[in-house]
Structures are given as structure tokens and as C-alpha cells.
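First the structure, in the form of C-alpha cells, and then the observations on it.
The values are calculated or read from the model by the stated rules, or taken from the named source; none is laboratory data. Remember, it's a predicted structure, so these values are computed and weren't measured experimentally. A quick note on method: Cβ atoms are made from the backbone with ideal geometry, for glycine too, and the neighbour counts reach across all protein chains shown.
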Number of protein chains: 2
Amino acid sequence: MTEITEFYKAETYRVESSVGYLVNRLAQTVTREVDRRMLDLGLTDAQWKPLLLLHQGGCSTAADLSRSACHDTGAVTRLIDRLEAKGLVKRLRSAEDRRVVNLELTDEGELLAAEVPKIIVKLVNEVLTGFSQDEFSLFKNLLNRALINARAFNDEGPA
Amino acid sequence: MTEITEFYKAETYRVESSVGYLVNRLAQTVTREVDRRMLDLGLTDAQWKPLLLLHQGGCSTAADLSRSACHDTGAVTRLIDRLEAKGLVKRLRSAEDRRVVNLELTDEGELLAAEVPKIIVKLVNEVLTGFSQDEFSLFKNLLNRALINARAFNDEGPA
DNA sequence: TGACAGTCACTGCCTAGGCAGGTATATTTC
DNA sequence: GAAATATACCTGCCTAGGCAGTGACTGTCA
């Protein structure tokens, strides 16, 4: 087990000065901006990801999507409900495995999905304004390492 | 206006390889772990922050909390409803300004709030396992710069 | 003083996700 | 082939937040 450095102490902890605060606020702020820029497409931040995953072929069922986004399957069911109601996704019961519902984008869904990367890429590049290539790599490296540390919790499970 | 580097391109964009993905996943994973560790206290990730802010004296009204967390005032109203229902917070209509409802922790609320920093600090330090002091500083610096870039969107408003 | 803008808390309606439980179907194991 | 196990999807109930609109109140300024 690696040594744990005391970057923070309970006695002097302040919400606003924490890394956790920064990470959450960054996610919150960007999410909100994505929502705003997706308004023209009639999409939300939660909806563009499954749309793009279906478009790019990485996922084809609700189970795929829930694994891919680390979301509850119930949440995904309802997310698909909303996408289906908007006429962007079709549900097709699989013939091979009758438990499975295959998801397909409608023509309109495909059209929207194709627009998504342009918006997202533009925004991410803007958020990284002023970053050098080295800083960009380092940022990803640090985020990745923090994520790996955090993920370890899930695996350990309750003692 | 600073130059914007094309770290990502729309044609080759993949959800899983994006910095945005890392930031969101990190926030999501840590949030879920906080929820788990707060179970004993009967708190959620959303609830420990207002509790601590009231405890430390940084906030004393719903408006304070909504500004502090960048949340909708409606969301805060309902968050306080839940904290009040748990017997952790009291609402006291202000005499000086009768629009204002002053918030106070109950005795039980104070007790819980005092436990919160221990849990949070332990978790954050664990997430930063393996980080050097330099990396820690750099991480905060990069997050801060990204956040400042992202915040600029809100200020600009629609064109 | 009386209109007006701003602030505070709240409400209804929406999207969104977690958890627990249920049903149908597949797969594995004996 | 029957029983146990796993998987896929769905549902109800919960917390949670955004947006728009409301009523009560305060401060300002003509």
C-alpha cells in the first residue's frame, strides 16, 4: 500500500479550498454550458452521450450504455424513454436473445448525433485555452491517477 | 483573446478519450464514494456541504447556500426541507429583514457537521495517493485554469 | 410618498440518477 | 433435463437540480 500524504487536515478543512471542490465545480460548470449549447439541437448534457455512443457503434443496447456510463440500468431505461419520446431512438426486441432490446437511431437521431462532436470538441478546446501540450498531457495523467485511486474504493467494497 | 489549441477534432472525437470524460467520471466516482461513507451519519453527498457551511459560519441563509454552491434557490429550498425533516436544521424567520429565513443547525446537526471534515479529508487524501506536493499544486493550478475558462462562458452570455 | 427594481424564499413542472425489487430469458451446473 | 445462477430490462420510490413564475418584503429614487 502506498503512503498517503496529508494534503488536507480535518481541523483546517474548508470546502472552497479543496481539490474536490474544483473538480465538482468544473464538472458542474461545463455540464451547464453543454446544456446551453445543446439547446438548439433539443438535447441535454445527459442525452448527447448515448446518442453519440449509438452513432459511433460502441453501444447497441441499454446494458451497453449503462456499463459505458457507469449508470444504473433503471436510469438508462428512462433516458431511452426520453430519447424515444423525442423520436431519436428506436427499440427493437432482439430475436436471438429475447431479453435484449437493441437500440437504433432514427434518421433524425443520426443527424443530431453527427452534430454533437462539433459542439463538444469546440467547448473542450475552449476549456483548455492556454494549456500547453505538456500541460494537457499532465492534466490527463493526473486526472487518470486520481480516477484510478477513486475507483479502487468501489472494488474494495465494504470491509 | 488567447489562441485556442485543437486538442480534439470533431472527426476523431471519442467520448472515452476526452478530458471531459475524466473530469466527469472522477466527480461521479468520488461523489458515489462520499455517499457510501456518509451512510453511517445518515447524510448524502449533497447534504454534507450545506451542513458544514452552516457549521463553519460561512453561510446562514438559503440565499448564501445557493450562491456558495452555485445552485438554484429552488434546489436549496428543497435541500433544506430534507435537512429540516431530518431534524438537523432549523428555519428562523429574520426580524430585521422579513424576507430572510435564517438557518441554524440543531444540536444533532452540529454533532454531525463536526464529523464531516474527518470523512471528507480522509477520502480526498486517499484520492491523491501517490501525488507529490508539486503534482498536487499543479493539479489545483490546472483545474483552476480550466474552471476560469469555463466560467467565462456564463459571463459572456448569449451572443 | 409612491412607483420601481432588486432580493428572498418558495412552488410546480421538468430531467436525471440511485437503490431495491420484479419478470422474462439465457447460461451454467449438477 | 431440472435447478441454480446470471443477465437484460423495467418499475416504484427516493434524492437531486434547473427553469420559470409567484408573493412578500426592502431599498432607491424621482
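See the values below:
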quantity: Within region B:1-90, helices (runs of 4 or more DSSP H) holding 1 or more residues that are hydroxyl-bearing (Ser, Thr, Tyr); calculated: B:19-38, B:62-69, B:73-85
quantity: Test for A:Lys9: is it buried (at least 20 other Cβ atoms within 10 Å of the Cβ), without any contact (Cβ under 8 Å) to a residue 60 or more places away in the chain and away from DNA strand D (no atom under 14 Å from the Cβ); calculated: no
quantity: Counted residues, region B:39-75 - those being among the small types (Gly, Ala, Ser) and buried (at least 19 other Cβ atoms within 10 Å of the Cβ); calculated: 3
quantity: Every residue from region B:27-55 that is within 9 Å of another protein chain (Cβ to nearest Cβ), of a type outside the set (Lys, Arg) and either farther than 22 Å from A:Tyr13 by Cα or free of Cβ contacts under 8 Å to residues at least 12 places away in the same chain (or both); calculated: B:Ala27, B:Gln28, B:Thr29
quantity: So A:Glu84, is it more than 9 Å from chain B (Cβ to nearest Cβ), free of Cβ contacts under 8 Å to residues at least 12 places away in the same chain, more than 10 Å from DNA strand C (Cβ to nearest atom) and not basic (Lys, Arg); calculated: yes
quantity: Flag for A:Ser68 being modelled with pLDDT under 95, more than 11 Å from DNA strand D (Cβ to nearest atom) and within 29 Å of A:Lys122 (Cα to Cα); calculated: no
quantity: Qualifying residue in region B:139-158 (condition: closer than 30 Å to B:Leu26 by Cα, away from every other protein chain (no Cβ under 14 Å) and surrounded by 15 or more Cβ atoms within 10 Å (Cβ to Cβ)); calculated: no
quantity: Region B:91-118 - residue that is within 14 Å of B:Leu51 (Cα to Cα) and within 11 Å of DNA strand C (Cβ to nearest atom) and, of those, surrounded by the most Cβ atoms within 10 Å (Cβ to Cβ); calculated: B:Leu103
quantity: Pair list, Cβ < 7 Å and 6+ apart or interchain, from region B:87-99 residues that are away from chain A (no Cβ under 14 Å) and within 23 Å of B:Leu111 (Cα to Cα) to residues that are among the β-branched types (Val, Ile, Thr) and more than 9 Å from DNA strand C (Cβ to nearest atom); calculated: B:Gly87/B:Thr106; B:Leu88/B:Thr106; B:Val89/B:Thr106; B:Lys90/B:Thr106
quantity: Test: B:Thr61 is near DNA strand D (Cβ under 9 Å from one of its atoms) and of a type in the set (Ser, Thr, Tyr); calculated: no
quantity: Residue within region B:61-81 that is closer than 30 Å to A:Leu54 by Cβ and basic (Lys, Arg) present; calculated: no
